[in-house]
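Visitor: Pasting in a structure now, in structure tokens, and then I'll have a few things to ask.
The values are calculated or read from the model by the stated rules, or taken from the named source; none is laboratory data. The model shown is predicted, which means the values in this text are computed figures rather than measured ones. FYI the Cβ positions are ideal-geometry reconstructions off the backbone, even for glycines, and counts take in every protein chain you see. All accessible areas refer to the heavy atoms of the entire protein, side chains included, with ligands and DNA or RNA removed. Shrake-Rupley method; radii C 1.70, N 1.55, O 1.52, S 1.80 Å.
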Amino acid sequence: MRDLVTGLAILKVNWDRQGTDYMENFVPFLVDCLRALPRDDISLIEVSAVMQERFGLELPLGVLKTLLRRLSRRDIVSLAEGVYRVRREKLPEGDLLTLRQAATRQYEAFVASFMRFHADRLESPILRETADDLIATFLEDRSLSILKGFYELDPDRGFDNEAARYPLNAFVRHIALNEPAQFEFVVGLVKGTMLANAVFLENLGPIDRGFNRTKVFLDTRILLRVLGHAGSDLQAPYVALVSLLYATGAETCAFEDTVKEAKGILEANARDLRLGGRHAYGETFEHFVQSGQRSSDVLLHIGRMDSDLNDERITIQARPQHVVDLTVDELKLEDYLQDKVGYQNDEARLHDTDVIAAINTLRRGRAPMRLEDSAAVFVTTNTALVAAAVRFVRDRESGALKQAPLCVGDHTIGAMAWLKQPMRAPDLPRQVLIADCLAALNPPDPLWRAYLDEIDQLRKSGRVTEGDYEILRYTADAEQVLMDITFGEPTAFSEGTVEQVLSRAKASIREQTEAERDEARSTAANLESELQATRTNRDTLATEIRRNAEKQERAIRGRAMKWARRTRRAVASIAVATLIAALVLSLPKPIGSTAEHVPSAVVFILILVLALAGLASLLRGGSVQTWLRQFELWVQERATRTLTEWTGDAPGDVLNAEDAQR
């Protein structure tokens, strides 16, 4: 409860005084990662890897892209040729890793001083591990008192005479009275502890109000990326997005028209591959070429698409029939989208018009304020389409500013789903995590005083619950995220690798003419023929290895999903049978007369199970279906990891097993 009060107080003060939400806590970490990039062009895949390496943070690409858009509006990054670029002259000064190293040295000196003090004054030497544990316990239990004493200029505050319970008391009190410089470091530890607890308050369950079985319809590009037809680098974040939506109660779907459009793109790719495709382009075509796939391989992908989507928990549905009273003026919508988006392809414009009208029909005339309460929403990577759809409804309907949009960006829905889950702390030593939070966030003294006042008020109210923290964390951020979609910023490509980002930039500014080849290029062309045989063999081998690896990965993932589904069904069946038995045995006679023939211990256990299930639902919130979905994803993750470990030395085992099942 102490951490909960502190976390809620910091959220409230930050929002009320600065208008900053929970996601803003991660902006300094993102800025530091941008500074560490070897080039100015931004690839979120590279940024994600740097953030994991430097700080142990795993943020979904949707969250990173949302934060990147904020930095764009603050002029820290620029948008040119469809690519985000770092403006290094605008980056704030300071390197978080340098500050971490300085804090680590101070911490080591502090621990050494405490161990000497313990041995000399208390006449009891202690081990380093014990010293770390004592410091951690002291910080968790005495943070507020020490910080209040520091700001109230009362160095005795926060200390008591329970030396046996808090052996660190005497040492910290000694330096508070005699060594002000070192005591300021202790105050820094206290602040870092409070900030870390506020940001990584991970002992909470997921927010009760997940997506209320909202149908999330995915656009064509997202479907192709989920299926891996744009490469594994682009597949991973979108598979994670689908899993995150599934875990929070949403149903991921695709209209038949969208699937047809996706198949049409692959059909064009197959034709271009068969004819040579010298002038073809696009992320799917480039992936097929780089992975060595032939026209026949792509045709197989088309034939398997429906079943592959089902394996990814994406349901294909027909568009609802038009209902005059429940649809928008599609002719006006089509003209509006053409004007704002600037389609080059008539079929794409008609598809988007039909899909947005279909979402409006599925909502049956309702205008929910929260996206989670909407019957349906369309998710796309096209930010221009999102902004146009929002403005079209806003300009024609009163109160549209308050209703959930018909269409949102992939990063928007990803960020909102992420906010519904507890944030796990990085796998770092506690003192490193504390140092990182203090270096990155480091609120000024007036804000710390406001935190302490708010903590006192919340404690006096006695009404703080986990739900308060969850609601404020989600609601404030969701409001900011949904407001972003009305800005209508130009579409930027940042999800791919650096090479893919640069390739997209070059494609968007295609030059009309090529510079003449110089003498050096001509010489290189002559050498190319001599090396061609070697390159061909090397590329063929590399392609085969890559295709085998991707095939094995798909096989492992498919088996893991099957195991997870079977396990979930088995657990569900056992749970239902147990609850039915408990209910029957708890009924009064004569209905429950069967209980006379059942041992009393069994009856007691079944009734206890029924009571515990009800109590867990009351305290934790959420439905049994939600628990089972989360359990299924957990089993899938563990099964994938286990199969990957088993097949590390025998790459063909899973493939052979998969073929045998077929």
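Visitor: Of the residues Leu633, Leu655, Leu618, Leu643, which single one is under 27 Å from Val242 (Cα atoms), modelled with pLDDT under 65 and either assigned to a helix (DSSP H, G or I) or more than 30 Å from the chain's Cα centre (by Cα) (or both)?
Guide: Matching residue, one of Leu633, Leu655, Leu618, Leu643: Leu655.
Visitor: Moving on. Determine if the range 398-406 includes at least one residue that is at pLDDT 85 or above, touching an Asp or Glu at 6+ places or on another chain (Cβ under 8 Å) and at negative phi.
Guide: No, the range 398-406 contains no residue that is at pLDDT 85 or above, touching an Asp or Glu at 6+ places or on another chain (Cβ under 8 Å) and at negative phi.
Visitor: Among the numbered criteria (1) open to solvent by less than 40 Å² (accessible area, probe 1.4 Å); (2) touching a Lys or Arg at 6+ places or on another chain (Cβ under 8 Å); (3) not aliphatic (A, V, I, L, M), which single criterion is violated by Asp40?
Guide: For Asp40, the exception is condition (1).
Visitor: Okay, moving on. Please pick out the residue among Leu266, Leu273, Leu245 that is within 28 Å of Gln630 (Cβ to Cβ) and crowded, with 20+ Cβ neighbours inside 10 Å.
Guide: The conditions single out Leu245.
Visitor: Which condition from (1) at pLDDT 90 or above; (2) more than 30 Å from Ala417 (Cβ to Cβ); (3) open to solvent by 30 Å² or more (accessible area, probe 1.4 Å) is the one that Glu53 breaks?
Guide: Going through the list (1) at pLDDT 90 or above; (2) more than 30 Å from Ala417 (Cβ to Cβ); (3) open to solvent by 30 Å² or more (accessible area, probe 1.4 Å), Glu53 breaks only (2).
Visitor: Scan the range 56-89 residue by residue and report those that are of a type in the set (Gly, Ala, Ser), in a helix (DSSP H, G or I) and open to solvent by 20 Å² or more (accessible area, probe 1.4 Å). Break it down stepwise before answering.
Guide: Residues of the range 56-89 of a type in the set (Gly, Ala, Ser): 56, 62, 72, 78, 80, 82.
Next, from what is left, pick out any that are in a helix (DSSP H, G or I): 62, 72.
If the condition is that a residue be of a type in the set (Gly, Ala, Ser), in a helix (DSSP H, G or I) and open to solvent by 20 Å² or more (accessible area, probe 1.4 Å), then Ser72 is the only one that fits.
Visitor: I would also like to ask the following. Test Leu134 against the criterion of being more than 19 Å from Ala196 (Cβ to Cβ), assigned to a helix (DSSP H, G or I) and without any contact (Cβ under 8 Å) to a residue 60 or more places away in the chain, and give yes or no.
Guide: Numbers: more than 19 Å from Ala196 (Cβ to Cβ): no; assigned to a helix (DSSP H, G or I): yes; without any contact (Cβ under 8 Å) to a residue 60 or more places away in the chain: yes.
Judged against the criteria, Leu134 is not a match.
Visitor: Taking the range 365-396 as the search range and keeping residues that are within 15 Å of Glu251 (Cβ to Cβ) and in a loop (DSSP other than H, G, I, E, B), which one is least open to solvent (accessible area, probe 1.4 Å)?
Guide: Ser374
Visitor: When residues of the range 344-364 are filtered for being part of a loop (DSSP other than H, G, I, E, B) and open to solvent by 60 Å² or more (accessible area, probe 1.4 Å), how many remain?
Guide: The first filter runs over the range 344-364 and keeps only residues part of a loop (DSSP other than H, G, I, E, B), leaving 344-345, 363-364.
Imposing the further condition that a residue be open to solvent by 60 Å² or more (accessible area, probe 1.4 Å) reduces the set to 344-345, 364.
So the answer is 3.
Visitor: Taking Leu11 as the residue in question, decide whether it is buried (at least 21 other Cβ atoms within 10 Å of the Cβ), more than 21 Å from Pro443 (Cβ to Cβ) and in contact with a helix residue (DSSP H, G or I) (Cβ under 7 Å, 6 or more places away or on another chain). Outline the logic, then answer.
Guide: Details: buried (at least 21 other Cβ atoms within 10 Å of the Cβ): yes; more than 21 Å from Pro443 (Cβ to Cβ): no; in contact with a helix residue (DSSP H, G or I) (Cβ under 7 Å, 6 or more places away or on another chain): yes.
So Leu11 fails the test.
Visitor: Which residues, counting only those in the range 310-343, are over 30 Å from Leu633 (Cβ atoms), among the charged types (D, E, K, R) and part of a helix (DSSP H, G or I)?
Guide: Selection gives Asp325, Glu330, Lys332, Glu334, Asp335, Asp339, Lys340.
Visitor: Test each condition in (1) in contact with a Phe, Trp or Tyr (Cβ under 8 Å, 6 or more places away or on another chain); (2) within 19 Å of Leu245 (Cα to Cα) for Ile314 and report the one that comes out false.
Guide: (1)
Visitor: Between a first residue in the range 374-386 that is aromatic (Phe, Trp, Tyr) and a second residue that is modelled with pLDDT of 95 or more, which pairs have beta carbons less than 6 Å apart while being 6 or more apart in sequence or on different chains?
Guide: Phe378/Phe217
Visitor: Collect the residues in the range 90-101 that are part of a helix (DSSP H, G or I) and either open to solvent by 90 Å² or more (accessible area, probe 1.4 Å) or free of Cβ contacts under 8 Å to residues at least 60 places away in the same chain (or both), keeping them in residue-number order.
Guide: Filtering the range 90-101 for residues part of a helix (DSSP H, G or I) gives 90, 96-101.
Those that are part of a helix (DSSP H, G or I) and either open to solvent by 90 Å² or more (accessible area, probe 1.4 Å) or free of Cβ contacts under 8 Å to residues at least 60 places away in the same chain (or both): Lys90, Thr98, Gln101.
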